[in-house]
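Derivation of every value follows stated rules applied to the coordinates shown; laboratory data play no part. A quick note: this is a predicted structure, and the numbers were derived from the prediction, not measured. Neighbour counts run over all protein chains shown; Cβ positions are idealised from the backbone, glycine included.
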Amino acid sequence: MSMNNQGRPSGIDGIASAEGQFESFSGHVGLRLAEPLIFELGTTETTGVDAPEVGDFDDCLGGLGRTSKIGCPGLPEPDTVRHYTRLSRRNYGIDMGVFPLGSCTMKHNPRLNEKMARLPGFGDIHPLQPQSTVQGALGLMDELSHWLMTLTGMPAVALSPKAGAHGELCGVMAIRAALEARGDAREIILCPESAHGTNPATAAFCGYKVKSIPAKENGRVDIDALKAALDNTVAAVMITNPNTCGLFENEVREIADEIHKAGAFFYCDGANFNAIVGKARPGDLGVDAMHINLHKTFSTPHGGGGPGSGPVVFSDALKNFVPVPYVVKEGKSFRIVEDKEGQSFGRLVAFHGQMGMYVRALSYMLSHGSDGLKQASEDAVLNANYVLASLKDIMTPSYDGPCMHEALFDDRFLKDTGVTTLDFAKAMIDEGYHPMTMYFPLVVHGAMLVEPTESESKANMDQFIRSMRGLAEAAKAGQVERFSGAPYHAPWKRLDETQAARNPVLRWSAAEE
Amino acid sequence: MRYLPLTGADRQAMLAKIGVRHVDDLFKDVPSAVLNPEIDLPRHKSEMEVERYLGRLAGKNTNAGSVPFFVGAGAYKHHVPATVDHLIQRGEFLTAYTPYQPEIAQGTLQYIFEFQTQVAQLTGMDVANASMYDGSTAAAEAVLMARRVTRKKKAILAGSLHAHYKAVIETTTQYTEDVIVSLAPNPMDAEAQLQAAIDAIDDETSCVVFQNPGVFGHIMDLTPLAEAAHAKKALLIVVFTEVMSLGAVKSPGEMGADIVVGEGQSIGNGLNFGGPYLGLFATNDKLVRQMPGRLCGQTVDADGKRGFVLTLSTREQHIRREKATSNICTNSGLCALAFTIHMTLLGEKGLRGVAMANHKAAVDLENALASVPGVEVLNKAFFNEISVKLPVAAATVVDKLADEGILAGVPASRLYPGAGLDNILIMAATETVTEDDIKALVAALGEVL
C-alpha cells in the first residue's frame, strides 16, 4: 500500500491515487460527481415550474392540438440546479486559469458587463417596440458605433452581423455590391495560405473563386506574389492583420496601395484587432472593410461557443452599401432604418443584431477608456513576447520576434521525441491549463499558437512558462508516456472521435423495449 | 485599470527579459507614421461611473415587464425562471470556449447533446444541430441545404413567412445559384395563403418555406403542403418564430416537414432588443450529413466511459475551407444552454401547461377585442398571436397607445411597408399577460378608435 506524506494510504490495494482505479458504491469519486443525461433522470410528468392553471376553455387550435407525446423530461428545481452545476464542473474556463488559446483571445470577462446587459432597460425590450420607447437603446448602438469607428479610423459601421464569420459575409457582400454598382464583375478573391478557414468559405459563398497567396519566410504576405496575382479580375484581398502567425504585416500600406491600384478592395479579417486597439487604426492602413469580434477584442464571453457578435467597419468607398438596420441621429433623437434604401445590400439578420453583446462591449470600452484600451493592447503584446522570450531556447519559435499578441511555435523541438503537438497539448491539461491552439495556422508544421492575453499577471505567466519548460524538457528526456496517454488527470481520458463520426449518435433515444 | 494585472515594475522586468527598452519596440513592424494615433475618446471610468452612465441610458427605454405588453412578431416576452440565468453565469459555462478539447469540456458537450435531443423531440424530427445564430439565419441555411439535397435551385417563400426572414434569405442567397420566389402576405385569408404555396411548387422547386404559426398568427395543417412538395421531390421547410407553440400545436415533423428551423428565444432567453437569440435547426436522419452548423455526438473515452465530442466536422469551414457546407463558425452556445435549462425545468408537463396558458391568454385577448367596435380579428385558429384589422392605420394606434403606457403590438406596415397592410395590427399574448392588461388595452383602444 502506498502512503502519502501524512503516512496515510493514498490509494486502495496498493494503487496510488489514480481515480479510475477506485470504485465507489455511489458512482461518484469524491468531488467528481457522476451525472447521467436528463433523459435518464427525469420523467415527462415531473416539472420544476409552477405552470399557470388555466382550467377548461374553448381552444382555438383548429383541431391541431399536439396529442402525440413530446418526450422531454422535467426535473424539480433543486435537481436541475444540481444537474447543471455538476456538468459545469467538467469544463475549463477563463475563470479557472490561463487559457492561452491563440487566435481565440480568451481574456477576462468582466462581470460588470453581465450586470449591465441584464438591466431591464436593455434586456427586457422588444426589437419592434415603437422607436420612441427605445431611445436609450438606439443611443447605445449609436455610441458603440462611434467608439468602433473612432478606434478603427473608419467612417461607417454595420453592427448587425452575429459573429465574426457573419461579419466577413457582410464585408464581402458590400464589396460585391460596390463592384456591381460600378458595373465591374470580378471573380477572384485572394487569401493568404495562413488565412482562417472562414475566409475562403465566405469568399466562395459570395460566388468568388479563391486563390491562395504564399507567405514569405518571415511569415508575412509575399508582396511580389500578391502583385503578380492582382489584376482586374480580383475583387478583393482578405488579409488578417496582425496575421494568424501573430505577426504584423509590416508592408500593409504597400499591400493596400497595390490592391487599390488594381481596383480591388482590401478586406481585413479583424480577429486579431485586440493587439492594436489604440496603437494603430485600420483606416490609416488602407483597409476597406474589417469585422471586429466583440467576443475577442471587447471581452464579451465566449459562452462555450457563442453567441458572438461581428460588427464591420467600412471605408468611404463601401459605406453606402451597408446592410440594414442602422441607426441615424436626427436632432436629439435616434431612428433605426429597417428597410433597404439606396444601395444597401440587404439584411443579414432579423431585428437589430446582438444588443446584449453591444451593451457588454460598450461597458468594457467605457471601463478602459482610450488610455486603458491602449494599455490592454500593449500588455497583451508584452505578455506574448514574454512567453516567446522565455521559451525560445527550449521550444522552436517559427519566426524571429517580436510577435504581436500571440507567439507561434512549431514542432521542430519535438523531433525524434515521439511526442506530437497533440500529445503536448493534452499534457498541458494535466498541468491544469487549457491547451494552446494547435495545428493552426497551417503554414508551419505542428503549430502551437500561444495567446496569453493582457489578463494574466506576471506571476501567472511565470508559472505557465515553468510548466511549459518542464514539459519540453520531459519530452526531450524521452518521457513519452507522460504525453502519449495524456490527459491522465482530466475528468475524461482521450475521446474516440473516429467512433463518433463513423457511427453518429446525435441524440438520446429510449432503449428498445 | 482594474482589469489589467501587470504593474509598472512587472512591465519593466518583462521588457528586460525580452531585451527591449520600450513597449513600442515590440510594435516596430507597425509603420511609425501611424503608430500611437490620437484617439478622441474618454479616459477610463470606475465601475460605479460606468454603471451610472449605462443605467441612465437603460432608463430611457420602456421595458416589457413594466407595461401591458402585446408585442410579438418574432420575439416574445415570457417568464424565465431565475434558476436559468443563475446557472448560465457559472464561469465554467460562461467563460469556456467551443469544446474542441473534449476532455475538459464535457459539461458543454453533454448539455449540447441534451439540447439536440430536446430540439428533435419538440420539432418531431430525428436530429438537431447545436444551434445557429437565430431563426432567420437558420432559415437561410435551410434553403441552402435544400439545394444541396435536391440539386434544384428554386425556393418558394410562403406569404406566412416573417418579412425579416424573407429579407435575410434573399440577401444571403443573392450571390449563390438559388432562385427565390417570394409570395405575397395574405393575413385576410390564411387558406388562400397556404394554397398559393401549394400552387407555386413545380419540378424546379427545391423547397417551400412555410412559417407555422404564421407571422399573422394563423396555424395551419401543413400535411397537404408536404404532400405537394414531396410529389415534386421538393423539401418542406417549416419555420416557427414562437417555439413555445410546439407545446400546444401538432409538431412540424408530424405534418411531414423535412427540415424544421426556428427561433428558440422564447425558452430561456430574454427579449434583449433582438439578440442574442438562438436558431434551432432539425431534420431527418438521412439528411444529417448535409446539415450546417456544429453537431455533438456520443462516444467513449480511453477507459470506455461514455462521453461526447463535436463530430462530422468534415462539413465545416475549418476543415473544408471553400468547400464547406456553410461559412458558419460560432453558434449560440450560451443561449442554447439557457434553452436547455429552461426546458429541463419545464419538462413536457410544464411546457404543455405554459403553452396552454399562452393560448388561453390569446383566446381571452381575442374575445375581448371582438367586443371593441371597428376591430376585426382575422384568425380562426391561432396559438398566442393574432392579427386584427383596424378602421385606421395601426401604426398611429400603436403610437397613441404607447403614449398611454400600453405596448399594443406590431403594425404590419413596419414589417411590410407599402404592401397595403397599414390597418393590420399583429398582437401577441403570452402567459405574462394578465386580465388587467387586457382590460387596460381594450379601454385605451376604445378611446383612440
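Mind checking the full-extension length gain between A:D393 and A:T498? Use 0.36 nm per residue of separation minus the Cα-Cα distance, one decimal, nm. Answer, rounded to one decimal: 34.1 nm.
With the simple model of a label 7 Å out from the Cα in the direction of the Cβ, B:R43 to A:A228 spans 5.3 nm.
Using the Karplus relation 6.51 cos²θ - 1.76 cosθ + 1.60 with θ = phi - 60°, the per-residue 3J(HN,Hα) values for region A:195-210 come to 4, 4, x, 5, 4, x, 4, 5, 4, 4, 5, 8, x, 9, 7, 9 Hz, with x marking Gly and Pro. Charge dipole of region B:82-342 (Cα centre as origin; +1 on each Lys and Arg Cβ, -1 on each Asp and Glu Cβ, all else neutral): 720 debye, rounded to the nearest 20. For region B:84-94, putting each phi into the Karplus relation 6.51 cos²θ - 1.76 cosθ + 1.60 with θ = phi - 60° gives couplings of 4, 5, 5, 5, 5, 8, 4, x, 5, 8, 4 Hz, in residue order, rounded to whole numbers and with x for Gly and Pro. With one equal scatterer per alpha carbon and no solvent term, the Debye-computed log10 I(q)/I(0) for chain B at 0.08, 0.13 1/Å reads -0.54, -1.18.
Close amide H contacts of A:I213 (hydrogens built in the peptide plane, cut-off under 5 Å, sequence separation of 5 or more or a different chain): A:C191, A:E193.
A full extension of the chain between A:A511 and A:E23 corresponds to an added length of 173.1 nm, given 0.36 nm per residue minus the alpha carbon distance.
With helices as the sole contributors, the protein assembly as shown gives -10500 deg cm²/dmol at 222 nm; each DSSP H run of n ≥ 4 counts as -39500 (n - 2.57), and the sum is divided by every residue.
Under the Kirkwood approximation for Rh and a Cα-based Rg, what ratio Rg/Rh is obtained for region A:113-367?
0.97
With both labels modelled 7 Å from their Cα along Cα-to-Cβ, the A:E53 to A:R253 distance reads 7.6 nm.
When only the Cβ of Lys, Arg, Asp and Glu is charged (+1, +1, -1, -1), the dipole of region A:364-513 relative to its Cα centre reaches about 260 debye. Computed on the Cα trace of region A:169-263, the radius of gyration divided by the Kirkwood hydrodynamic radius gives Rg/Rh = 0.95. Projecting the Cα atoms of A:H83, A:G121, A:H108 onto the dipole axis of region A:37-174, where Lys and Arg carry +1 and Asp and Glu carry -1 at the beta carbon, places A:H108 farthest toward the positive end. Modelled spin-label separation between A:K261 and A:D316, with each label point placed 7 Å from Cα along the Cα-to-Cβ direction: 2.1 nm. Sorted from greatest to least, the principal axis extents spanned by the alpha carbons of region B:82-342 come out as 56, 41, 30 Å. Residue ranges A:195-201, A:51-57, A:430-436, B:127-133 sort as B:127-133, A:195-201, A:430-436, A:51-57 when ordered by packing (mean number of other C-beta atoms within 10 Å per residue, highest first). Cross-link reach is defined here as a Cα-Cα straight distance under 16 Å, omitting same-chain residues fewer than 8 places apart; for A:K392 the lysines meeting it are A:K415, A:K476, B:K17. Could you check which residue among B:D85, B:D422, B:D25 shows the biggest mean-square fluctuation in a GNM of chain B with a 10 Å Cα cutoff? Comparing B:D85, B:D422, B:D25 in the GNM, the peak value goes to B:D25. Here the 3J(HN,Hα) profile of region B:398-412, calculated from phi with Karplus coefficients 6.51, -1.76 and 1.60 at θ = phi - 60°, is 4, 5, 5, 5, 4, 5, 8, x, 10, 9, 8, x, 10, x, 4 Hz, Gly and Pro shown as x. For region B:204-227 versus region A:191-227, the spacing of their alpha-carbon centroids is 42 Å.
When both region A:332-362 and region A:31-82 are represented by their alpha-carbon centers, they are found 36 Å apart.
Just to be sure I understand: of the beta bridges DSSP finds with both ends in chain A, what percent are antiparallel, rounded to 5? Numbers along the way, then the final one.
On the way: 23 of 39 bridges.
DSSP beta bridges in chain A are roughly 60 percent antiparallel.
Magnitude of the charge dipole for chain A, about its Cα centre and with charges confined to Cβ atoms of Lys, Arg (+1) and Asp, Glu (-1), is about 540 debye.
Compared with the dominant Cα axis of chain B, that is its longest principal axis, helix B:47-59 is turned about 20°. Projecting the Cα positions of A:A361, A:V287, A:T47 onto the charge dipole of the protein assembly as shown (unit charges on Cβ atoms of Lys, Arg, Asp and Glu, taken about the Cα centre) puts A:V287 furthest along the positive direction.
Entry for the protein assembly as shown at q = 0.06, 0.08 Å⁻¹: log10 I(q)/I(0) = -0.41, -0.74, Debye formula applied to identical alpha-carbon scatterers, no solvent contribution. Binning all Cα-Cα separations of region A:371-499 at 5 Å, short to long from zero, yields these whole-percent fractions: 2, 11, 20, 23, 20, 13, 7, 3, 1, 0, 0. With contacts taken as Cα pairs under 8 Å at a separation of at least 6 residues, chain B carries a relative contact order of 20 percent.
Across region B:251-397, how many lysine pairs, 8 or more apart or on two chains, come within less than 27 Å at their alpha-carbon atoms?
Within region B:251-397, the lysine pair count is 6.
Since only B:Q195, B:G270, B:L280 are under comparison, the one whose Cα sits farthest along the positive direction of the charge dipole of region B:82-342, derived from C-beta charges on Lys, Arg, Asp and Glu, is B:L280.
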